[in-house]
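*Asks:* Sharing a structure with you now.
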Amino acid sequence: MDIMTYTGIFMDPLDPKPDQIVIEDIAHALSMISRANGHFPEVHTVAQHCIECYNEAKARNLPQQLQLFCLLHDGAEAYLGDFIHPVKARMAGYKETEERLLAMIYEKFAGRVPSEEEEAMVKEIDKTLLYFEFLHYMGVGTGEPGQGLRSVPEFKEMPRQEVEKKFLEIYRRMSF
């Protein structure tokens, strides 16, 4: 079964083709998807989270390639949706589908998939931001604070169009 993306592309999210994946669809969809399944007291989107991860990688003086991986790390959610971790972990076949789609996104927009070491850094930054997002919005961190934050995230509700535009600007500036 196909879905129709924001840019009008019909694609099967379980069997995507690289030419069906466009950065505008990723930026738009992620700017519309709320983190924490909408349980924060205000909207904080997946695109905002990805921008925060990018900013954290930049604040840690990590290579540009790793900063780009951080921006794109939730890109598959633009096509598959964002499931909360306790649900995602129990969905048979989801992890493999998400990994395959994310690898396609990394290849297309970052030139390659991250190495195991790079992927571990992206995950550490991702989990660190998750901790501090929950601490800010819910008063309790979830998981571990990792290495802590070196950036100063903007934990506030932002206009969706502004977030989408910022995501695309960062991508265009970062793409090589």
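The values are calculated or read from the model by the stated rules, or taken from the named source; none is laboratory data. Every value quoted in this text rests on a predicted model; they were computed, and no experiment measured them. In this analysis, Cβ positions are derived from the backbone assuming ideal geometry, glycine residues included, and neighbour counts consider all displayed protein chains. Just the protein is used for accessible areas: all its heavy atoms, side chains included, with ligands, DNA and RNA removed. Shrake-Rupley method; radii C 1.70, N 1.55, O 1.52, S 1.80 Å.
*Asks:* Keeping to region 69-84, report how many residues are closer than 21 Å to Tyr137 by Cβ, within 9 Å of the chain's Cα centre (by Cα) and either of a type outside the set (D, E, K, R) or open to solvent by 30 Å² or more (accessible area, probe 1.4 Å) (or both).
*Replies:* Initial filter on region 69-84 (closer than 21 Å to Tyr137 by Cβ): 70, 73-74, 77, 81-84.
Cutting the leftovers down to within 9 Å of the chain's Cα centre (by Cα) gives us 70, 73-74, 77.
Within this subset, residues satisfying the condition of being either of a type outside the set (D, E, K, R) or open to solvent by 30 Å² or more (accessible area, probe 1.4 Å) (or both) are 70, 73.
Here the count works out to 2.
*Asks:* Out of curiosity, is Glu118 within 26 Å of Pro13 (Cβ to Cβ), in contact with a Leu (Cβ under 7 Å, 6 or more places away or on another chain) and modelled with pLDDT of 95 or more?
*Replies:* Yes, satisfied.
*Asks:* Tell me whether region 27-38 contains one or more residues that are in contact with a strand residue (DSSP E or B) (Cβ under 9 Å, 6 or more places away or on another chain), open to solvent by less than 10 Å² (accessible area, probe 1.4 Å) and in a helix (DSSP H, G or I). Give the derivation first.
*Replies:* Residues of region 27-38 that are in contact with a strand residue (DSSP E or B) (Cβ under 9 Å, 6 or more places away or on another chain), as a first pass: 30-35.
Now drop any that are not open to solvent by less than 10 Å² (accessible area, probe 1.4 Å), which leaves 30-31.
From what's left, in a helix (DSSP H, G or I): 30.
Yes, the conditions are met somewhere in region 27-38.
*Asks:* Testing Glu144 on (1) among the charged types (D, E, K, R); (2) farther than 22 Å from Ala27 by Cα; (3) touching a helix residue (DSSP H, G or I) at 6+ places or on another chain (Cβ under 8 Å); (4) surrounded by 13 or more Cβ atoms within 10 Å (Cβ to Cβ), one condition comes back false. Which one is that?
*Replies:* (4)
*Asks:* Farther than 20 Å from Phe40 by Cβ, buried (at least 19 other Cβ atoms within 10 Å of the Cβ) and not β-branched (Val, Ile, Thr): is that true of Leu102 in this structure? Steps first, please.
*Replies:* Details: farther than 20 Å from Phe40 by Cβ: yes; buried (at least 19 other Cβ atoms within 10 Å of the Cβ): yes; not β-branched (Val, Ile, Thr): yes.
In short, yes.
*Asks:* Are any of the residues in region 117-126 of a type in the set (Asp, Glu), over 17 Å from Glu56 (Cβ atoms), in contact with a helix residue (DSSP H, G or I) (Cβ under 9 Å, 6 or more places away or on another chain) and surrounded by 11 or more Cβ atoms within 10 Å (Cβ to Cβ)?
*Replies:* No, every residue in region 117-126 fails to be of a type in the set (Asp, Glu), over 17 Å from Glu56 (Cβ atoms), in contact with a helix residue (DSSP H, G or I) (Cβ under 9 Å, 6 or more places away or on another chain) and surrounded by 11 or more Cβ atoms within 10 Å (Cβ to Cβ).
*Asks:* Do we find a residue being farther than 26 Å from Arg173 by Cβ, under 14 Å from the mean Cα position of the chain (by Cα) and surrounded by 13 or more Cβ atoms within 10 Å (Cβ to Cβ) anywhere in region 52-68?
*Replies:* Narrowing region 52-68 to residues farther than 26 Å from Arg173 by Cβ: none.
The answer is no; no qualifying residue exists.
*Asks:* Taking Lys88 as the residue in question, decide whether it is farther than 17 Å from Ser31 by Cα and either among the aromatic types (Phe, Trp, Tyr) or open to solvent by 70 Å² or more (accessible area, probe 1.4 Å) (or both). Explain how you work it out, then say what you get.
*Replies:* Numbers: farther than 17 Å from Ser31 by Cα: yes; either among the aromatic types (Phe, Trp, Tyr) or open to solvent by 70 Å² or more (accessible area, probe 1.4 Å) (or both): no.
Answer is no for this residue.
*Asks:* Taking region 1-26 as the region of interest, how many residues are part of a helix (DSSP H, G or I) and among the hydrophobic types (A, V, I, L, M, F, W, C)?
*Replies:* Taking region 1-26 as the starting set, the residues that turn out to be part of a helix (DSSP H, G or I) are 18-20, 23-26.
Adding the requirement that they be among the hydrophobic types (A, V, I, L, M, F, W, C) leaves 23, 26.
Here the count works out to 2.
*Asks:* When you look at Phe10, is it touching an Asp or Glu at 6+ places or on another chain (Cβ under 6 Å) and open to solvent by 60 Å² or more (accessible area, probe 1.4 Å), yes or no? Quick ask: steps written out before the conclusion?
*Replies:* Details: touching an Asp or Glu at 6+ places or on another chain (Cβ under 6 Å): yes; open to solvent by 60 Å² or more (accessible area, probe 1.4 Å): yes.
Yes.
*Asks:* Only one of (1) crowded, with 18+ Cβ neighbours inside 10 Å; (2) more than 18 Å from Val22 (Cα to Cα); (3) among the hydrophobic types (A, V, I, L, M, F, W, C); (4) in contact (Cβ under 8 Å) with a residue 40 or more places away in the chain fails for Met138. Which number is that?
*Replies:* (1) is the only condition that Met138 fails.
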